[in-house]
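Contents: one structure, followed by commentary.
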DNA sequence: TGCCAGGCCCTCTTTAGGGCCTT
C-alpha cells in the first residue's frame, strides 16, 4: 500500500487571526507523526510573528506576548517544520484553515511540501452525524478520547486530533469492515455526500 | 494587523443565503 492512512503527520497552528491574506501569522505549530498506527514523533514550537498579538488571542490560546518576545522567528521555525513534515501526507481539524497558514508561511521562506491534506472534521461529519457538533473538543468528548484538558495549544490539539484520526480508522474497521483504508480513500470519504456514504463504504470492503 | 476569511454543507438551492469550523 503506497499511502496508508495510518502513516501521516497531524498538525495544528495557533495564529494571530483567521486569515493569512489579511496579515495574520502563525504563532505556534504542533504536530505528531503517526507510523503504522503508532505515534512515533512530535514537533512543537512557539514563533514570533513580528508584532504583538491581541488580547483575544492571548485569552483564547493562553499564549502571551511575553512568551513570544524571545521565541524564534516564523521563518526559522517553519524551516525546521518543513524538514519535520517532509513529504508526509497531512491531517488537520478543519484542514483548509491550517493549509492556508502552512502554505503562506512556507511561501515566505520559499519552501514547500510533498504531501496532501485530509480533514478530520469533514470525515467526522460523515462518520459521526449524531455528535452534538464537530468542534475538536466536542468530538474528543463524544468519542471518549483521553486528553489532558488542554485545548487551543498546538501540540495538545495535534495530539487529540491524531487520536481522533486513529479512532475513526478503528471505527471504519469495526463498524464498516474497512480494514486498511488508504489516505486517498479517506480524502474521498471526506468529500462523499451523505446520501452516498453507505454505498461508498460498502465499496471499500 | 485591524476589527477581518474561506471552504464546505444544507436547503425554503443551483440567478442564494446562512451555519459550521478554524484563530
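The values are calculated or read from the model by the stated rules, or taken from the named source; none is laboratory data. Every value quoted in this text rests on a predicted model; they were computed, and no experiment measured them. Note that each Cβ is placed from the backbone with ideal geometry, even for glycine, and that neighbours are counted across all protein chains shown.
Consider residue A:46 carefully, then state whether it is more than 24 Å from residue A:138 (Cβ to Cβ) and in contact with a helix residue (DSSP H, G or I) (Cβ under 7 Å, 6 or more places away or on another chain).
Spelling it out, residue A:46 is indeed more than 24 Å from residue A:138 (Cβ to Cβ) and in contact with a helix residue (DSSP H, G or I) (Cβ under 7 Å, 6 or more places away or on another chain).
Would you say residue A:65 is surrounded by 13 or more Cβ atoms within 10 Å (Cβ to Cβ) and more than 13 Å from DNA strand B (Cβ to nearest atom)?
When the stated conditions are applied, residue A:65 does not pass them.
Filter region A:102-119 down to the residues that are under 20 Å from residue A:165 (Cβ atoms) and in a loop (DSSP other than H, G, I, E, B) and list them by number. Give the steps one after another, and end with the answer.
In the first step, residues of region A:102-119 are kept if they are under 20 Å from residue A:165 (Cβ atoms); the result is A:102, A:113-119.
A:113, A:114, A:115, A:116 - these are the residues of region A:102-119 that are under 20 Å from residue A:165 (Cβ atoms) and in a loop (DSSP other than H, G, I, E, B).
Based on what the data block shows, is residue A:41 surrounded by fewer than 13 Cβ atoms within 10 Å (Cβ to Cβ), modelled with pLDDT of 95 or more and either within 18 Å of residue A:118 (Cα to Cα) or more than 14 Å from DNA strand B (Cβ to nearest atom) (or both)?
For residue A:41, the condition - surrounded by fewer than 13 Cβ atoms within 10 Å (Cβ to Cβ), modelled with pLDDT of 95 or more and either within 18 Å of residue A:118 (Cα to Cα) or more than 14 Å from DNA strand B (Cβ to nearest atom) (or both) - is met.
Would you confirm whether any residue within region A:78-101 is touching a helix residue (DSSP H, G or I) at 6+ places or on another chain (Cβ under 7 Å), surrounded by 17 or more Cβ atoms within 10 Å (Cβ to Cβ) and assigned to a strand (DSSP E or B)?
yes
Taking residue A:60 as meeting all but one of (1) buried (at least 17 other Cβ atoms within 10 Å of the Cβ); (2) over 27 Å from residue A:191 (Cβ atoms); (3) near DNA strand B (Cβ under 10 Å from one of its atoms), write down the number of the exception.
Just one mismatch for residue A:60, condition (1).
Here is a yes/no grid of residues against (1) in contact (Cβ under 8 Å) with a residue 60 or more places away in the chain; (2) closer than 13 Å to residue A:155 by Cα:
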| site | (1), (2) |
| --- | --- |
| A:4 | yes, no |
| A:7 | yes, no |
| A:10 | yes, yes |
| A:22 | no, no |
| A:32 | yes, yes |
| A:36 | no, no |
| A:45 | no, yes |
| A:55 | no, no |
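Please give the number of the condition residue A:104 fails out of (1) farther than 25 Å from residue A:193 by Cβ; (2) in contact (Cβ under 8 Å) with a residue 40 or more places away in the chain; (3) more than 14 Å from the chain's Cα centre (by Cα); (4) away from DNA strand B (no atom under 13 Å from the Cβ).
(4) is the only condition that residue A:104 fails.
Keeping to region A:33-50, report how many residues are under 30 Å from residue A:169 (Cα atoms) and either touching a strand residue (DSSP E or B) at 6+ places or on another chain (Cβ under 7 Å) or assigned to a helix (DSSP H, G or I) (or both).
Residues meeting the conditions: 9.
Among the residues of region A:153-181, write down those that are under 15 Å from residue A:95 (Cα atoms) and in contact with a helix residue (DSSP H, G or I) (Cβ under 7 Å, 6 or more places away or on another chain).
Hits for region A:153-181 are A:157, A:160, A:161, A:164, A:165.
So that you can scan it fast, the table gives a plain yes or no per residue for (1) within 16 Å of DNA strand B (Cβ to nearest atom); (2) assigned to a helix (DSSP H, G or I):
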{"residue": "A:31", "(1), (2)": "yes, no"}
{"residue": "A:52", "(1), (2)": "yes, no"}
{"residue": "A:56", "(1), (2)": "yes, yes"}
{"residue": "A:70", "(1), (2)": "no, no"}
